[in-house]
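First up is the structure itself, then whatever we jot down about it.
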Amino acid sequence: MLEIKQSPMQNRENGAEVNGKRTCPLTPAKLRRLWGLIEETQSSTLLNFSDSELVQELIGQMEAKDLINTSETKLVRAYLHSRLLLIRDFAHARTQPA
């Protein structure tokens, strides 16, 4: 039988777990704003930054636009880390000719 280990930053259906503590989920409005920000970010940034640089860049942009507060940073960081492959796939698809 395949055993699946959960990371400390595992997303859950009804929230996320960061450092073993359950946190409130991101609201649909915040998720829309986050993905809108990702869509506005240049593909070269999304593709060429390291994982940690990209997460920090997106969090910085969200904080600069007052989309998240300090208490939500860990939750957003965990969410972004869990979606990095999707974000990079999205950026790669934008660079392909239609």
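A few points about this structure:
- Qualifying positions in the stretch 52-80 - in contact with a helix residue (DSSP H, G or I) (Cβ under 7 Å, 6 or more places away or on another chain) and either of a type in the set (A, V, I, L, M, F, W, C) or more than 19 Å from residue 39 (Cβ to Cβ) (or both): 54, 55, 58, 59, 62, 67, 68, 73, 76, 77, 80
Listed here are the residues, each with its yes/no results for (1) among the hydrophobic types (A, V, I, L, M, F, W, C); (2) modelled with pLDDT of 95 or more.
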{"site": "4", "(1), (2)": "yes, no"}
{"site": "22", "(1), (2)": "no, no"}
{"site": "25", "(1), (2)": "no, no"}
{"site": "50", "(1), (2)": "no, yes"}
{"site": "53", "(1), (2)": "no, yes"}
{"site": "67", "(1), (2)": "yes, no"}
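- Taking the listed residues 58, 80, 37, 85, the one that is under 12 Å from the mean Cα position of the chain (by Cα), aliphatic (A, V, I, L, M) and loosely packed, with under 10 Cβ neighbours inside 10 Å is 85, with no other qualifying.
- Boolean, residue 63 is surrounded by 10 or more Cβ atoms within 10 Å (Cβ to Cβ), assigned to a helix (DSSP H, G or I) and touching a strand residue (DSSP E or B) at 6+ places or on another chain (Cβ under 9 Å): no
The values are calculated or read from the model by the stated rules, or taken from the named source; none is laboratory data. Just so you know, these numbers come straight off a predicted model, no measurement behind them. No Cβ is skipped: glycine too gets one built from the backbone with ideal geometry, and neighbour counts run over all protein chains shown.
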